[in-house]
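As structure tokens, the structure follows; a few thoughts come after it.
The values are calculated or read from the model by the stated rules, or taken from the named source; none is laboratory data. This structure is a prediction, so every number in the text was calculated from the model and none was measured. Glycine gets a Cβ as well: all are built from the backbone with ideal geometry, and neighbour counts include every protein chain shown.
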Amino acid sequence: MELGAALRRARRPRDARAPLRDGLALARECGATGLADRARDELRAAGGRIVREARRGVDALSPRELRIAELAADGLGNPEIAQTLFITRKTVESHLRTIFRKLGIGSRTELAPLLRTRSDDGRRVSP
């Protein structure tokens, strides 16, 4: 991972991505969450795509889904969410269906407790 980070800092993002992906995979495999977070950040900075390892739960949400879930948990209705994000109400509804399925919930009232387990920078924290 350090090689990838050094390549990225040397303005060689394309060359940095492979070592960063390898470092991320190894950190995930070993359960080194701090190192995995750093590798993920470096890979994003290098323009790499992150493959989400989780299929269910808050970590399975895409950044857009997470933002919609946060707005819904804050009490905004679908029209307000759509207006805030410059998307259609139908798109919000579609995202919410996916969010509910990934989180295994049935209503907006269940969103806030699940999202509270995240820190201000979006990383998962212990409840």
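List of remarks:
- The selection criterion, being over 25 Å from Leu103 (Cβ atoms), modelled with pLDDT under 90 and either in contact with a strand residue (DSSP E or B) (Cβ under 6 Å, 6 or more places away or on another chain) or among the charged types (D, E, K, R) (or both), does not hold for Glu53.
- Among the residues making up the stretch 91-109, those that are free of Cβ contacts under 8 Å to residues at least 24 places away in the same chain and under 19 Å from the mean Cα position of the chain (by Cα) are Thr91, Ser94, Arg97, Phe100, Arg101, Ile105.
- Test for Thr109: is it at pLDDT 95 or above and in a helix (DSSP H, G or I): no
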